[in-house]
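Down below is the structure, laid out as structure tokens.
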Amino acid sequence: MNEITDYLKEDVGFGDITSDILLNDEVGNAKIIANEDGVLAGLEEAIEIFERLGVNTFPMARDGDRVTKGEDVLVLEGSLKKILLGERLALNFLMKMSGIATATNDILKECRKFNPHIKIAATRKTTPGFRKYEKKAVIIGGGDPHRYRLDDAILIKDNHLRIVGSITEAVSKAKSVSFTKKIEVEVETIEQAVEAAKAGADIIMLDNMPPEQVEVAFLAVKRLNDRILVEVSGGLTPATAPKYARHADILSLGWITHSAKAIHFSLEITSVRAPETP
């Protein structure tokens with residue numbers, strides 16, 4: 001499956017009827033401009049879109065760069081019909097991915113004021129069909145993608161525990177089957193965190209706990225085994241994440257993929273020429 005091809009088909013349909021009516025075979029140049037400050041992401045995808053359409057691309061920045069309002073990030077040359085054909089899809093990639101990368105980086109920098117070793121991770125709260133790009137944007141912003149799919153790691157959640165009966169039994173079952181996958185357990189109380197640590201979990205996720213309870217659970221787990229990673233999750237936002245940073249190894253935020261604000265980019269035609277005659 002090539003997502004770029006599928007996304008172009010979805011957007012184009014049977015053709016760009018507006019350009020087909022108004023334009024002939026003009027060629028020229030265009031540029032994509034950042035209309036806000038942020039961390040650039042999605043430029044590789046924008047380049048792929050235009051190159052698939054036969055447009056020449058000249059990047060003026062790289063994914064991961066901090067760009068400022070008014071900065072050119074990509075210059076284009078070729079068929080103006082083709083440039084307009086790819087415009088919206090390329091801008092959508094840039095806007096969505098740059099928004100995620102910027103939010104991730106901003107949260108990471110703020111949280112590292114309190115804990116220089118903290119990791120900011122995504123979750124699986126992503127857009128169906130677009131997950132790999134959202135996760136890539138998190139990485140570009142300095143974050144960790146966490147699980148891409150259900151087969152990446154063993155994550156024992158509250159509903160699993162309601163069925164199995166106990167944390168100890170659930171971890172024991174997981175260990176008896178898999179030795180290559182990390183075992184993570186989601187807990188909601190200090191007592192559950194301690195039980196998970198004693199049962200041999202590799203990662204303990206403290207879910208929806210207030211900061212003072214997270215501190216107690218974090219210290220209790222580390223006293224039992226300081227190699228166990230402690231992840232804090234559950235409704236974290238840019239405003240609340242720093243409050244948890246001191247007593248966590250990882251903060252995971254669905255917010256960075258489902259609620260991060262898009263960064264605005266625009267495409268501007270800068271020159272128009274008649275096609276060269278053979």
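The values are calculated or read from the model by the stated rules, or taken from the named source; none is laboratory data. These numbers come from a predicted model, not from an experiment. For neighbour counting, all protein chains shown are included, and Cβ atoms are generated from backbone atoms with ideal geometry for every residue, glycine included. These accessible areas exclude ligands, DNA and RNA; they are computed on the full protein's heavy atoms, side chains included. Shrake-Rupley method; radii C 1.70, N 1.55, O 1.52, S 1.80 Å.
Quick notes on this one:
- Residue pairs whose Cβ atoms lie under 9 Å apart, separated by 6 or more positions or on different chains, with the first residue in the range 174-201 and closer than 18 Å to LEU224 by Cβ and the second aromatic (Phe, Trp, Tyr) and open to solvent by 20 Å² or more (accessible area, probe 1.4 Å), are ALA193/PHE218.
- Complete set of residues in the range 34-47 that are out of contact with any strand residue (DSSP E or B) (no Cβ under 8 Å at 6 or more places or on another chain), buried (at least 17 other Cβ atoms within 10 Å of the Cβ) and within 25 Å of LYS9 (Cα to Cα): ALA41, GLY42, GLU45
- Filtered by the rule that a residue be open to solvent by 30 Å² or more (accessible area, probe 1.4 Å) and in contact (Cβ under 8 Å) with a residue 60 or more places away in the chain, the range 133-154 gives LYS136, ILE140, ASP144, HIS146.
- Selection of the range 222-237 for residues being touching a residue at least 24 places away in the same chain (Cβ under 8 Å) and not in a loop (DSSP other than H, G, I, E, B) yields LEU224, LEU229, VAL230, GLU231, VAL232, SER233.
- Residues that are under 13 Å from the mean Cα position of the chain (by Cα) and part of a loop (DSSP other than H, G, I, E, B) were ranked within the range 110-127; the one that is surrounded by the most Cβ atoms within 10 Å (Cβ to Cβ) is ALA122.
- Residue within the range 228-244 that is under 21 Å from ASP144 (Cβ atoms), among the polar types (S, T, N, Q) and in contact with a Pro (Cβ under 9 Å, 6 or more places away or on another chain) present: yes
- Flag for ILE107 being within 21 Å of VAL272 (Cα to Cα) and either assigned to a helix (DSSP H, G or I) or over 22 Å from the mean Cα position of the chain (by Cα) (or both): no
- Summed over the range 128-155, the residues that are among the hydrophobic types (A, V, I, L, M, F, W, C) and not in a helix (DSSP H, G or I) give a count of 5.
Listed here are the residues, each with its yes/no results for (1) buried (at least 21 other Cβ atoms within 10 Å of the Cβ); (2) touching a Gly at 6+ places or on another chain (Cβ under 6 Å); (3) acidic (Asp, Glu).
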site	(1), (2), (3)
ALA193	yes, no, no
ASP202	no, no, yes
VAL221	yes, no, no
GLY234	no, no, no
ASP249	no, no, yes
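- Among the residues of the range 75-110, those identified as free of Cβ contacts under 8 Å to residues at least 40 places away in the same chain and farther than 20 Å from ALA30 by Cβ are LEU108, LYS109.
- For ALA197, the conditions (1) surrounded by fewer than 18 Cβ atoms within 10 Å (Cβ to Cβ); (2) more than 30 Å from GLY78 (Cα to Cα) are fulfilled apart from (1).
- Among the residues of the range 56-74, just one is touching a residue at least 60 places away in the same chain (Cβ under 8 Å) and either small (Gly, Ala, Ser) or surrounded by fewer than 16 Cβ atoms within 10 Å (Cβ to Cβ) (or both), namely GLY64.
- In the range 204-219, the residue that is surrounded by the fewest Cβ atoms within 10 Å (Cβ to Cβ) out of those that are under 19 Å from ARG162 (Cβ atoms) and of a type outside the set (A, V, I, L, M) is ASN208.
- Within the range 123-166, tally of residues that are among the basic types (Lys, Arg) and within 14 Å of ALA103 (Cα to Cα): 2
- Pairs meeting the criteria (first residue in the range 15-39 and more than 30 Å from ILE100 (Cβ to Cβ) and touching a residue at least 12 places away in the same chain (Cβ under 8 Å), second residue surrounded by fewer than 16 Cβ atoms within 10 Å (Cβ to Cβ) and among the charged types (D, E, K, R), beta carbons under 8 Å, at least 6 apart or on different chains) are GLU26/ARG273; VAL27/ARG273; VAL27/GLU276; GLY28/ARG273.
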